1. Considering the stretch 356-369 alone, what residues qualify as being within 16 Å of the ligand (Cβ to nearest atom) and either surrounded by 13 or more Cβ atoms within 10 Å (Cβ to Cβ) or without any contact (Cβ under 8 Å) to a residue 12 or more places away in the chain (or both)?
2. Suppose we keep only residues that are within 16 Å of the ligand (Cβ to nearest atom) and farther than 11 Å from Tyr60 by Cβ within the stretch 22-37. Which one would you say is surrounded by the fewest Cβ atoms within 10 Å (Cβ to Cβ)?
3. Helices (runs of 4 or more DSSP H) wholly in the stretch 1-72 with at least 2 residues that are within 22 Å of the chain's Cα centre (by Cα) and of a type in the set (Val, Ile, Thr) - which ones?
4. Just to be sure I understand, how many residues within the stretch 370-414 are more than 12 Å from the ligand (Cβ to nearest atom) and either over 16 Å from the mean Cα position of the chain (by Cα) or among the β-branched types (Val, Ile, Thr) (or both)?
5. Quick check on Glu330: is it touching a helix residue (DSSP H, G or I) at 6+ places or on another chain (Cβ under 8 Å), within 16 Å of the ligand (Cβ to nearest atom), open to solvent by 10 Å² or more (accessible area, probe 1.4 Å) and within 26 Å of Ile115 (Cα to Cα)?
6. On the basis of being within 23 Å of Trp410 (Cα to Cα), more than 16 Å from the ligand (Cβ to nearest atom), charged (D, E, K, R) and out of contact with any strand residue (DSSP E or B) (no Cβ under 6 Å at 6 or more places or on another chain), does Lys318 make the cut?
7. Restricting the search to the stretch 93-115, which residues are touching a strand residue (DSSP E or B) at 6+ places or on another chain (Cβ under 9 Å) and crowded, with 19+ Cβ neighbours inside 10 Å?
8. So, in the stretch 87-131, how many residues would count as being within 24 Å of the chain's Cα centre (by Cα), of a type outside the set (A, V, I, L, M) and closer than 25 Å to Phe40 by Cα?
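The values are calculated or read from the model by the stated rules, or taken from the named source; none is laboratory data. Keep in mind that what you see is a predicted model, and the values were worked out from it rather than measured. Cβ: placed from backbone, ideal geometry, glycine included. Neighbour counts: every protein chain shown. Surface accessibility is based on the protein's heavy atoms, side chains included, excluding ligands, DNA and RNA. Shrake-Rupley method; radii C 1.70, N 1.55, O 1.52, S 1.80 Å.
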Amino acid sequence: MLLIKEAFGEDFTWGVSTAAYQIEGAHNQGGKGLSIWDTFVKKKNKVFQNQNGDMACDFYNRYTQDLYLMHSLNIPNYRFSISWSRILPNGTGEINTEGIDFYNRLIDLSLELGITPWVTLYHWDLPDALERKGGWVNRDIKEWFGNYVSICVAHFGDRVKNWMILNEPMVFSAAGYFLGIHAPGRKGLDNFLAATHHAALAQAYGARVIKSTQKDSNVGTTFSCSHIEPFRMKEKDILAAKRADALLNRLFIEPLLGMGYPTEDIKILNRMERYMKQNDEKDVIFNMDFIGIQNYTREVIRHATFVPFLQAKIVSAKERKVEMTSMNWEIYPESIYHMLKKFNAYPNIPPLIITENGAAFPDQVENNKVDDPKRVKYLQHILEQVHRAKQEGVKVNGYFVWTFLDNFEWAEGYHPRFGLVYVDFQTQKRIVKSSGHWYADFLK
Ligand code: BGC
């Protein structure tokens, strides 16, 4: 089936997504303070080939040409994140006016080109000064974050209406504070539980801060999610899959909706109580205007006695010998359909927007062109699944491709290329891939 844009309705929001640390570079320009990613990448063997985002796509200096390129591809909405340490180099205290100016210029030019900005307030680059005070493990982060949010609303709220509070809190609390594979590289159950609860508190608080001053704002937050299936239809695997689902898909949405943490399925989450104060259960609730869901693949789960707390493990796409992307993620577009159905089934769920989805493939330049038929096919199949869910009554109102430019893919460095636009990181030359041209035609 070949879908056209009109099949999704006139009010459907189409766009592309990026994140500050992954594209901006200029890590020490314009008065910016260090973020936890600036310090994490300098530690040995944390990132593939010890690469870093010091330069990335140099978007800080090249945003003008990049926005013109975006405009030439008919992209009407742009989701980007603000780097907290560009605004507040120490996380709190003095405001860096050069940072404010940069985002002002970015917002102004977007609007001039007819591109609506969608701003993520936190996409994983915590000011390092705050990490030294405990980062997400310190409960004060709620106030630090609220202060930063209020500064962003005060400076940009006259032009920005669409806000996303956090990007994938489950990923930054688990990868950054439990497994230590993302910044700040901390480990342990207690760090994870504290970071999780404080992120849930900050998420609702940040939204309240925006709504208290900007009544007509459109406020959401974004969650990672993956369709989960048991490896075998045996009770042990089915139960393991249920626990994995609670962790990967339910941990943040349920408290936000007032359902509490999924302690029934993961007993160890009861230990979160030691970080909770009276009223916290209410304070983590917020009635968002939309929920951003971000889906890339599915996960197949089996029982694993020796995995602490969860007794569950992922059966990798490699082991299952299925078709994969450069991230070794299974290509499984139906996953997005299942996730839309799952989130939509919560009582009182606000409308859903797919704030990220995409795929990395080993793109090659030939004769100054990048032909990426696999990505085109992937995106088409995904849109068929989104359409299928919409036809069945799911309230899904938007779709943002991850991502506009090939960029710094966190611990994986530069080798997974997710962009619609190819970036030569030596010369900073951009080449629109065939998927970029396909999206432009689709959006025309
Ligand atoms: C993150 C992006 C990341 C993408 C692909 C999401 O988890 O929000 O920053 O690049 O997935 O891994």
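1. Glu356, Asn357, Gly358, Ala359, Ala360, Phe361, Asp363
2. Gln22
3. 36-40
4. So the answer is 28.
5. So Glu330 fails the test.
6. So Lys318 passes the test.
7. Within the stretch 93-115, Tyr103, Leu106, Ile107, Ser110, Ile115 meet the criteria.
8. 15
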